[in-house]
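Working notes, beginning with the structure itself.
The values are calculated or read from the model by the stated rules, or taken from the named source; none is laboratory data. Keep in mind the model is a prediction, meaning the values are calculated, not measured. Don't worry about glycine lacking a Cβ; one is built from the backbone with ideal geometry, like all the others, and counts go over all protein chains shown. Accessible surface is based on the protein model in full, side chains and every heavy atom, while ligands, DNA and RNA are left aside. Shrake-Rupley method; radii C 1.70, N 1.55, O 1.52, S 1.80 Å.
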Amino acid sequence: MPTVLRTVGEVSAWSERARREGRVALVPTMGFLHEGHLTLLREARRRAERVAATVFVNPKQFGPNEDFSRYPRDLEGDLRKCDSAGAEVVFAPEERELYPAGFQTAVEVGELSRGLCGERRPGHFRGVATVVTKLLCAVRPHLALFGEKDYQQLQVIRALARDLDLGVEIVGVPTVREPDGLALSSRNAYLSAEDRKRALAIHRGMLAAKQRVGAGGRAVRELVDLVRKSLASEGLREDYVEIVDAQTLKSLTSVSPERPSRLLVAAFVGSTRLIDNIAL
Ligand code: AMP
């Protein structure tokens, strides 16, 4: 089983030793691990000799009416899964270890964190950027891996690592899906069997848009409408459906084969908010 580390001092000391023997990779998570997280860990192990996972449900990235207190947790199960996926240590700090009394610093990434989830979840990316910066400073890994499932988050983290000269390589890993297309997410645990089926409308809608692009569709309005129709067909409530430049995340009015674009969707299945995205 991986060693559980509880303090910044412990994980920094582990990393300092590990760095002498090879490349160190970090995989930050909020726990309740699934195959998506394990894919990140295996990819980390492929690229580095020493792998640390973190399990921390970061209160600063949840809004006041969000699911922080009921977010699923299972450290025992996570440790077993980390073991099988090649993580040597799991940094699982208490909240007061990362945010002791008097903590008053935040990391704010500009434009990239404003639209999409940043607009619907005020303060979310400030919380993400702050905790990821702290984790990167504590561990100082050669590389850190994040999922494309959280596409805006990945771009925000790329920006902060670059802007703050953290000297870490940020690696994005493609989204892992269930065989029927549903993106794996710890929040899928909230879904009833019925909602689980309805949630497939997100992926179906994204595929319809991608197929339309393949058939020559270029107008963003038309592509977005396809997704909206799919969401509506299962009674899902849209939070946003947007097509943006894959790097800058700026809104587009048309897609073009010369410029990578990304379709991003956030929708409520009942009270559960799910996000997904796809390259067009
Ligand atoms: P979370 O525990 O939800 O904060 O996710 C931790 C990391 O796992 C983040 O980098 C996520 O983007 C990534 N991740 C979550 N779900 C998936 C998935 N289905 N496929 C790939 N990566 C994922």
Taking interchain pairs and intrachain pairs at least six residues apart, which have beta carbon atoms under 8 angstrom, with the first residue in the range 226-239 and on the phi > 0 side of the Ramachandran plot and the second surrounded by 17 or more Cβ atoms within 10 Å (Cβ to Cβ) and not aliphatic (A, V, I, L, M)? GLY235/ARG198
In the range 1-41, residue farthest from the chain's Cα centre (by Cα) [restricted to those that are within 13 Å of the ligand (Cβ to nearest atom), among the hydrophobic types (A, V, I, L, M, F, W, C) and more than 11 Å from ALA92 (Cα to Cα)]: ALA25
Hey, can you tell me all the residues within the range 166-178 that are part of a strand (DSSP E or B) and in contact with a Gly (Cβ under 9 Å, 6 or more places away or on another chain)? GLY172, VAL173, ARG177
Complete set of residues in the range 256-270 that are touching a residue at least 12 places away in the same chain (Cβ under 8 Å) and open to solvent by 10 Å² or more (accessible area, probe 1.4 Å): SER256, ARG259, PRO260, ARG262, PHE268, GLY270
The residue from ARG204, ARG162, ARG126 that alone is away from the ligand (no atom under 12 Å from the Cβ), in contact (Cβ under 8 Å) with a residue 60 or more places away in the chain and either outside the structural domain of VAL8 (by TED's automatic domain parsing) or not acidic (Asp, Glu) (or both) is ARG126
Looking at GLU88, GLU148, GLU178, GLU94, which one is within 13 Å of the ligand (Cβ to nearest atom) and touching a residue at least 60 places away in the same chain (Cβ under 8 Å)? GLU148
